Amino acid sequence: MKLYTGIDLHSNNNYMGIMDHRGRKVFSRKNTNDSEAVLEALAPYQDAMEGVVVESTFNWYWLVDLLMEPGY
């Protein structure tokens, strides 16, 4: 099953939603902007992850770099 993640990034937190290929919610959670918290939330779904999108106005660089390293 292919999964897709959307992350709404704010200055000190983010909201993450994961859905399947039919648009059904698989997972959602508000996280602190902490590298470990973000990677921990995504880890169980990594093998099925087809894509990740980030919505942000100014502070997206750290998150994109973080997600690219393990192959998201």
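The values are calculated or read from the model by the stated rules, or taken from the named source; none is laboratory data. What you see is a predicted model, and the numbers here were worked out from it, not measured in a lab. Every residue, glycine as well, gets a Cβ built from its backbone with ideal geometry; the counts of neighbours run over all protein chains shown. Ligands, DNA and RNA are stripped out before the accessible areas are found, and what is left, the full protein with its side chains, is counted by its heavy atoms. Shrake-Rupley method; radii C 1.70, N 1.55, O 1.52, S 1.80 Å.
Filtering the range 63-72 to residues that are open to solvent by 50 Å² or more (accessible area, probe 1.4 Å) and either on the phi > 0 side of the Ramachandran plot or free of Cβ contacts under 8 Å to residues at least 12 places away in the same chain (or both) leaves Asp65, Met68, Glu69, Gly71. Has the range 40-54 got at least one residue that is touching a Ser or Thr at 6+ places or on another chain (Cβ under 9 Å) and not in a strand (DSSP E or B)? Yes, because at least one residue in the range 40-54 is touching a Ser or Thr at 6+ places or on another chain (Cβ under 9 Å) and not in a strand (DSSP E or B).
Taken as a whole, the condition of being among the aromatic types (Phe, Trp, Tyr), part of a strand (DSSP E or B) and either out of contact with any Gly (no Cβ under 7 Å at 6 or more places or on another chain) or closer than 13 Å to Thr5 by Cβ (or both) does not apply to Phe58. Within the range 1-14, how many residues are touching a helix residue (DSSP H, G or I) at 6+ places or on another chain (Cβ under 7 Å) and open to solvent by 70 Å² or more (accessible area, probe 1.4 Å)? Of the residues in the range 1-14, 2 are touching a helix residue (DSSP H, G or I) at 6+ places or on another chain (Cβ under 7 Å) and open to solvent by 70 Å² or more (accessible area, probe 1.4 Å).
Of the residues examined, Gly23 is not one that is within 10 Å of the chain's Cα centre (by Cα) and not basic (Lys, Arg).
Give the residue that is farthest from Gly51 (Cα to Cα), with candidates limited to residues of the range 1-12 that are of a type outside the set (Val, Ile, Thr) and under 12 Å from the mean Cα position of the chain (by Cα).
For the range 1-12, the residue satisfying everything is Leu9.
Please go through the range 15-55 and pick out each residue that is among the small types (Gly, Ala, Ser) and open to solvent by 30 Å² or more (accessible area, probe 1.4 Å). Hits for the range 15-55 are Gly23, Ser28, Ser35, Ala43, Ala48. Pairs meeting the criteria (first residue in the range 8-34 and outside any strand (DSSP E or B), second residue surrounded by 14 or more Cβ atoms within 10 Å (Cβ to Cβ) and of a type in the set (A, V, I, L, M), beta carbons under 8 Å, at least 6 apart or on different chains) are His21/Leu3; Asn33/Leu9; Asn33/Leu63.
Selection of the range 38-72 for residues being acidic (Asp, Glu) and touching a Lys or Arg at 6+ places or on another chain (Cβ under 9 Å) yields only Glu50.
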